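**Q** Can you read through this structure? Questions will come right after.
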Amino acid sequence: MENIYLLMVVALVALAVADLVVGVSNDAVNFLNSALGSKVLSFRTIMIVASIGIFVGCVFSSGMMEVARKGIFNPGEFYFNEIMIIFMAVMITDILLLDFFNTIGMPTSTTVSIVFELLGASVAMALIKIGMDNGSFSDVVNYINTSKATQIIGGILLSVFVAFSVGALVQWISRLLLSYDFDTKPTWVGAVFGGVALTALTYFILMKGIKGTSYAKESFDLIGGVTIKDFLENNVFQIVMYTSAFMSLLSYAFIQFFKFNIYKIIIGVGTFGLALAFAGNDLVNFIGVPIAAWQSYEAWVASGVAANEFGMGVLATKVPTPNFLLVCAGVIMVLTLWFSKKAKRVVKTELDLSNQGNIDERFEPNFISRGLVRLATNSANLFSKITPDSLNNKIEERFRVPETFTQEIAKEDKPSFDVIRASVNLMVAGILISIATSYKLPLSTTYVTFMVAMGTSLSDRAWGSDSAVYRVAGVLNVIAGWFGTALIAFTAAGTIAYLINISELMIAVLIFFAILLLVRSYVVKKKATNGVIDDSLVEAESSSLQGVIHESAKNISKVLGRSSKIYDNVIKGLSRHDLSELKKNKKQISKLSSEVDNLKDKLFYFIKNLDESSLGASNFYINLLGYLQDITQSIEYISKVSHKHINNNHSKLTLNQIRDLLDIQKVVAEVFESISLTFANKSFGDVKNILKEKNKTIGLLEDKIETQISRTRTSEEKSPKNAALYFSILQESKDLMKEVMNLIEEYYVSYDKSVKPAKPKDE
């Protein structure tokens, strides 16, 4: 029987490695967001600094392991075999849950997941024990460390509101003092800001680091004979004041004499500190359970008592974590940070929600986001009315974003926000997380960093009238995911614990199932990435008419190529009466239509960047996007009415109707393919030949309409629904071809091969 538990320990160690990988992939956003968003440091520098922070944080994190041992449940109430079931259920659930959130690119909390997994598994095991002893349901509180669990859960939930509020307040004050023209401020302003920020970061980094070492309890005459730990905790005011003065002077020297960018230093130190705090706070989430399982196994083997009789009161005592395990964990986390692709998707979600400019909004607004935005807007208007105009004007001046800055951040390769906000994000998050860690409270680093970033975004007016409903909806979606994490973690861990309790063979089954899901997740994603051709639309950036013609050619090729496939699938779906094909088509055309609409939404930036001598390019580009929108709307209508017809179980089209539609589809496909190839190769001289086919193509459609009219007048056509659908498709197809030909004609009229196209301004 001893072998089964040894195998469980080995399995838990393997699961810990997998958990470190999926955990870091999700939590990388916590310390990379600000540095990557501001782009003030190179990607390589950011990764090196973060890697060092993670490794150092791992080495100093042993104290936090107590949370997995006794923070949620009372170990003395369980026997060794029951504890191992709890630990196994927790780890299997954690891996699958975190990988799911990584796959969809949503940040969740590894702390919340581990806490509620421990809670769910221990509650399930407690209920099993109570049921076997014919006890009362109320006895479950004896098995749970209710006071500690309540403290942890309360701290996690409180962090959401505290982080958001503190982040918003500090950012508002910082922007009010520095504005967006912080580079023009006197040297002492940047020095004072740098001094405060660096003091906050270094103090808490130092305090956290020292408290995790053996030196913390040693006393020295130099500091009055007290321990380092007591000195740091009892002399906060003095340390902060002296350090602030020193750091301010040092910052002044960096700026004035060495010409260093003090904000680069703040962001570098902040990234290090936040990575350190992340590792110190969250390492327990990944390896705390396997380490507790190994220590439990050692104690059980040494006791010589049966597994179902050996009480686990030993877990209530503090046992130091071997340093080599911490080092190994640090190495795995650093390697994951460098090579994880899923981490990038999670980072992108947070950067999009905090972006200062207009982006392709990922989330759709809902009635809650609309209501919150309306309430906030009305409150802001009320505040403006009761505030003196002179004060309002001064505040508005401080928060006015420079036009050049707005134009720059509208482009994908520009920063999401400036260095002031990045510094505040790091400073506030680092302080809050380090304070929590110093009190051994597993505050959610994800909740803190995310809500700080959202609070600073709100305060910095990144959520404007054009984006607020989308951004708020995104935040609400993320928060809903957090509550979902807690519910799923509790339920899944409890269920898995119950299944393992029924039969130990379930361990092998569940581990195999977990491995299968993980492999499938990575393999499918890799295949999808490798097999997909990038057919997304790209906005024009050229400042000349001929430049826009050349730039937009690829978009024309992509739109018509995708439209041809959608049109082809619609006709095939109708001929086969295939509802699933038509349903799939609706999603494809909806995506294409959304991309065209996004291009139109970015017209503002395109026109803003044009020279006065290039106004002809704007007219051409506006007309071009109008034609593309008309084309997608026609395709969308054809797809919609076809899906509706089949979905309502109307009768099939007649054989003659299907034949006619297939003839039309063949002609449309040929025209679209010809245009797509012409524009893909930028062979604009061939456009004239395509225009020659205009009358022939439209004439075919008119003939088919006449034929259907004749059928309707005779007894051949008996279904009014079929006739309505068929006429709708023919008429819309006719409009579609007219729009395509108008688009081609626009190019034919505007293209001049003798003029060399101008390149985008930033090239």
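Only the coordinates and a few stated rules stand behind these numbers; no lab work does. For clarity, every value in this text was computed on a predicted model and none was experimentally measured. We place every Cβ from the backbone using ideal geometry, glycine too, and count neighbours over all the protein chains shown.
**Q** Quickly work out the VAL749-to-ASP663 label distance, labels modelled 7 Å from Cα along the C-beta direction, and quote it in nm with one decimal.
**A** Taking the simple label geometry, ASP663 and VAL749 are separated by 3.3 nm.
**Q** Now, a different point. Could you tell me the relative contact order of region 545-750? Use alpha-carbon pairs under 8 Å, at least six residues apart, and round to a whole percent.
**A** Once divided by the residue count of region 545-750, the mean separation gives 33 percent.
**Q** Under a point spin-label approximation (7 Å from Cα along Cα-to-Cβ), what is the THR495-ASP703 distance to one decimal in nm?
**A** If labels sit at THR495 and ASP703, their model points lie 6.1 nm apart.
**Q** How much space per residue, in cubic angstrom, does the convex hull of the C-alpha atoms of region 2-522 take up?
**A** Taking the convex hull of the Cα positions in region 2-522, it is 166 Å³ per residue.
**Q** Please state the equivalent ellipsoid semi-axes for region 541-595: what are the square roots of 5 times the Cα gyration tensor eigenvalues, largest first, in whole Å?
**A** 32, 11, 5
**Q** May I ask you to order 87-94, 39-46 by the average number of other C-beta atoms within 10 Å around their residues, highest value first?
**A** 87-94, 39-46
**Q** Label 7 Å along Cα→Cβ of LEU579; region 689-729 residues with amide nitrogen under 18 Å?
**A** From region 689-729, the list is 722.
**Q** Compute the label zone of PHE399 within region 450-475: residues whose backbone N is under 19 Å from the point 7 Å along Cα-to-Cβ.
**A** Of the residues in region 450-475, 452-473 have backbone N under 19 Å from the label point off PHE399.
**Q** Obtain the nm distance between the two label points defined at ASN3 and ARG44 by a simple spin-label model: each point lies 7 Å from its Cα along the Cα-to-C-beta direction.
**A** According to this spin-label approximation, the distance is 5.2 nm.
**Q** For region 499-522 and region 620-634, write down the distance between their C-alpha centroids in whole Å.
**A** Taking the Cα centre of region 620-634 as reference, the centre of region 499-522 is 52 Å away.
**Q** Continuing with the same structure: Which pairs in the list LYS586/LYS734; LYS586/LYS688; LYS554/LYS688; LYS558/LYS721 are over 23 Å apart, alpha-carbon to alpha-carbon?
**A** Too far apart for the 23 Å limit: LYS586/LYS688; LYS558/LYS721.
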